[in-house]
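Structure, as structure tokens:
Every number here is computed from the coordinates shown, using simple stated rules; none is lab data. Note that the structure is predicted; figures quoted are calculated from it, not measured. Cβ: placed from backbone, ideal geometry, glycine included. Neighbour counts: every protein chain shown.
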Amino acid sequence: MPELSTILAFGAATIALLFIPGPAVIYILNRSISDGRNVGLAAVAGLEIGDAIQALFAALGLSAVLATSASLFNLVKWAGVAYLLYVGIRTLMTVPSELGQDNGHVSRRLAFRQGILVNALNPKTALFFLSIFPQFVNPNAEHATMQSLVLGAEFVVLATIFNGSLTLVASALRDLLLRGPALPFIRRYVSGFVFIALGLLAATAGHASASSK
């Protein structure tokens, strides 16, 4: 079982990630704006199954890497740090595309199925589990797999709360989200700096781990 300090720190990193607009956020906004609250919530249910799939694979895969090679673990970790910084810089330099209203209305069942695919294949979530997630798992602990599973469950719970709240807000503020300047600013500048901050966090954690050995 992870320590309380680890759970709180991982929760803060997860919340930072959730505020970065990615495929899941764009999908939630499109479904909520086009089809309303109920379809948006059905999409969220599918998205969280996709999150659970990624978290489960990450927990089991990370445990396998830890058991196999500490050097391989560090290689994966630092590759993730470099990619986070690259994505952050690229995001800052790229003008985001417009978010238009999706006229292709879907049923709750279809939104649910699409949500599973969106997050099961979400590169933003995969990047998080590749680069940030390993920083919170103690490779010297006896039950690294249990640590990973608990943190993965925490990720899914926080994502469910965040995405569900986003759906309720988006369905209530359709016109404002489409016409206002806030969303493009968040997608470019806030997202870029948060990616860079997560990369620096992962790098700092890496130095700490190395010095403690």
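Net charge of the neighbourhood of Asn163, taken over other residues with C-beta under 12 Å away and scored Lys/Arg +1, Asp/Glu -1, is -1. Given their separation in residues at 0.36 nm each and the Cα-Cα distance between them, Ser107 and Ser5 gain 32.5 nm when the chain is fully extended.
Karplus-based coupling profile of region 40-46, in residue order and whole Hz: x, 5, 5, 4, 4, 4, x, with θ = phi - 60° in 6.51 cos²θ - 1.76 cosθ + 1.60 and x standing for Gly or Pro. Phi angles of region 49-60 translate, via the Karplus equation with coefficients 6.51, -1.76, 1.60 and θ = phi - 60°, into HN-Hα couplings of 5, x, 4, 4, 4, 5, 5, 5, 5, 5, 4, 6 Hz per residue; Gly and Pro are given as x.
Here the label points at Ala197 and Arg90, each 7 Å from Cα along the C-beta direction, are separated by 2.2 nm in the simple model.
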